[in-house]
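Every read-out reported here was derived from the displayed coordinates using simple, explicitly stated rules and does not represent laboratory data. This is a predicted model, so every value here is computed, not measured. Cβ sites come from the backbone with ideal geometry, for glycine too, and all protein chains shown count toward neighbours.
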Amino acid sequence: MNNDLQNQEHAALIDSVRRWLLEVVIGYNFCPFAKREVDAGRVRYQVFEGRKSKAAIVTLLDELAFLDAHDEIETTLLILADGWRDFYEYLALLDIAQQALENAGYEGVYQLASFHPDYMFDGEAANDAANYTNRSPLPLLHLLRETSIERAIASDPNVDKIPARNQQLARAKGADFWRALLAKINS
């Protein structure tokens, strides 16, 4: 694939994730801390092409090293362009990624958050609208700085109520609403 075509494809994937971040995560306040980082340009979008777990983990570790060297970047959304469309394969990759993060000495420095088009909370039905709080247009590995999480927790005494509030909102809107919104973002 030539570089121009690859750059166009990456730009389209990034645009889809950016639109999801703006319209869903920020638009419905699923993360009250995201807007500040987006507005300040401190969110990095990276695309990983490939289907090999080992290569994905190398890319993840490279991105953690990048964040170490660039304090001006707050967080990275690593977009898994080709693989891990199956949610259970994605969860297996997430487990490997978490172990790699720990093995590399990043535990307590960075945290992984997970988003997937078919995200399903443990114990919830696949069609539960609450799952849409973690459903994204593409499989993502979200790298967050632990210090940022600590600041967010310190700044909001109700931070522990955010997940329940988000699930309540998602259920109030209904699965059809979220499915249509994600379809619009992906179009």
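Key figures
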{"item": "Residues of region 146-168 satisfying the condition of being touching a helix residue (DSSP H, G or I) at 6+ places or on another chain (Cβ under 7 Å) and either basic (K, R) or exposed (fewer than 15 other Cβ atoms within 10 Å of the Cβ) (or both)", "result": "I153, V159"}
{"item": "Which numbered condition A152 misses (of (1) more than 13 Å from C31 (Cα to Cα); (2) touching a residue at least 24 places away in the same chain (Cβ under 8 Å))", "result": "(1)"}
{"item": "Filter result (surrounded by fewer than 16 Cβ atoms within 10 Å (Cβ to Cβ) and in contact (Cβ under 8 Å) with a residue 12 or more places away in the chain) within region 7-17", "result": "E9"}
{"item": "Lone unmet requirement of (1) on the phi < 0 side of the Ramachandran plot; (2) of a type in the set (A, V, I, L, M, F, W, C); (3) in contact with a Phe, Trp or Tyr (Cβ under 8 Å, 6 or more places away or on another chain) for A104", "result": "(3)"}
{"item": "Identity of the residue in region 112-139, in contact with a helix residue (DSSP H, G or I) (Cβ under 7 Å, 6 or more places away or on another chain) and of a type in the set (A, V, I, L, M, F, W, C), that ends up nearest to A100 (Cα to Cα)", "result": "L112"}
{"item": "All positions within region 23-55 that are over 13 Å from the mean Cα position of the chain (by Cα), small (G, A, S) and not in a loop (DSSP other than H, G, I, E, B)", "result": "S53, A55"}
{"item": "Some residue of region 118-134 being within 22 Å of R18 (Cα to Cα), within 15 Å of the chain's Cα centre (by Cα) and surrounded by fewer than 16 Cβ atoms within 10 Å (Cβ to Cβ)", "result": "yes"}
